[in-house]
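To start, the structure under review is shown below, and the notes come after it.
The values are calculated or read from the model by the stated rules, or taken from the named source; none is laboratory data. The model shown is predicted, which means the values in this text are computed figures rather than measured ones. Ideal geometry is used to build each Cβ from the backbone, glycine not excepted, and the neighbour counts take in all protein chains shown. Areas reflect the complete protein model, heavy atoms only, side chains present, ligands, DNA and RNA absent. Shrake-Rupley method; radii C 1.70, N 1.55, O 1.52, S 1.80 Å.
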Amino acid sequence: MVETTIEPLDKKISDLRVSPAQHLHGAFVDAGVTGAFGVRVREEQFLTMVSLRVPAGSPDRARLGKILGAELPGRCGEVATGHDVVVLWLSPDEFLVISQSVAGSTLVSYLRAGVSEDGAAVVDLSANRTTLRLEGASARAVLEKGCPLDLHPRSFPTGTAVVTAIGRVPVLLWKIEADSYRILPRASYADYLGRWLIDAMAEFKLLGSG
């Protein structure tokens, strides 16, 4: 008899996962620019993203704050940092909870334990978006080619996240550091936006080689 080993189903599914911009990995590497005009883009794959809807004034907010390790953000652009999660403000009663280390099912379970039966909505949206990381000295200049926001630090400081558009693609734009941004498009726009960023970076590759 020939012995066979059956791998757990969850491991097989994990091995088969393909991120929305995975096919652009090589193009992202080739588009990278070093030196004074440096800019590079990459995909941060499979971040957990959970939508949280909870009415203003609800007692659930206090319970959720304890679970998350941070109070829910109170105004547009605000980002709260908690226990292995960050919480982005989307509207007065809507937030996006993001984690690099907590699985979606686990995070949903924790959050649902903190809300009353009809007081809030918790939905795993991890497959709904992907995350593109744009960084380098020219990152802001690249974004300014297609983003209507004033991205000067006085108007868009580090730690700010807002809903906007880049190259006519609706995104969440989150400034992580002085020259580093996370761009969250819906998965269906990942290819278009990835190629738009590559094209917008091409000018700086020419400047850097001059």
Lys/Arg +1, Asp/Glu -1 at C-beta; the chain dipole; positive extreme among Thr130, Met201, Leu184: Met201
Three-way shape label, region 86-130, alpha-carbon gyration tensor, a/c 1.5: oblate
Heavy-atom accessible area ranking, 1.4 Å probe, most first, across Lys205, Lys175: Lys205, Lys175
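Starting from the Cα gyration tensor of the chain, take the square roots of the eigenvalues, sort them a ≥ b ≥ c, and report rounded, prolate or oblate (rounded when a/c is under 1.5, otherwise prolate if a/b is larger than b/c, else oblate).
Oblate, since a/c reaches 1.5 and b/c is not below a/b.
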Lys, Arg +1 and Asp, Glu -1 on Cβ, resulting dipole of the chain about Cα centre, debye, nearest 20: 360 debye
Net charge over other residues, Cβ less than 12 angstrom from the Cβ of Glu43 (K, R count +1; D, E count -1): +3
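Accessible area per residue, 1.4 Å probe, Å², for the chain: what's the number?
54 Å²
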The chain: calculated mean residue ellipticity at 222 nm from DSSP helix runs of at least 4, using -39500 (n - 2.57): -8000 deg cm²/dmol
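Please go through region 44-107 and write out the chymotrypsin sites (Phe, Trp or Tyr not before Pro) that DSSP classes as loop and that have at most 16 other C-beta atoms within 10 Å. Mind showing how you got there, number by number?
Values: sites: Phe46, Trp89, Phe95; in loops: Phe46.
Those satisfying the criteria are Phe46.
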Area of Ile98 that stays accessible when all protein chains are in place (1.4 Å probe, Å², to 10): 10 Å²
Formal net charge of residues neighbouring Ile176 (Cβ-Cβ distance under 11 Å; K, R +1; D, E -1): -1
Arg182, Arg42, reordered so the largest accessible area comes first (probe 1.4 Å): Arg42, Arg182
Total charge dipole magnitude, region 15-106, about the Cα centre, Cβ charges on Lys, Arg, Asp, Glu only, Debye to nearest 20: 140 debye
Ratio of the Cα radius of gyration of region 98-210 to 2.2 N^0.38 Å, where N counts its residues: 1.27
Given 12 as the ceiling on other Cβ atoms within 10 Å, longest exposed-site-free region of the chain for GluC sites (Glu not before Pro) in DSSP loops: 4-116
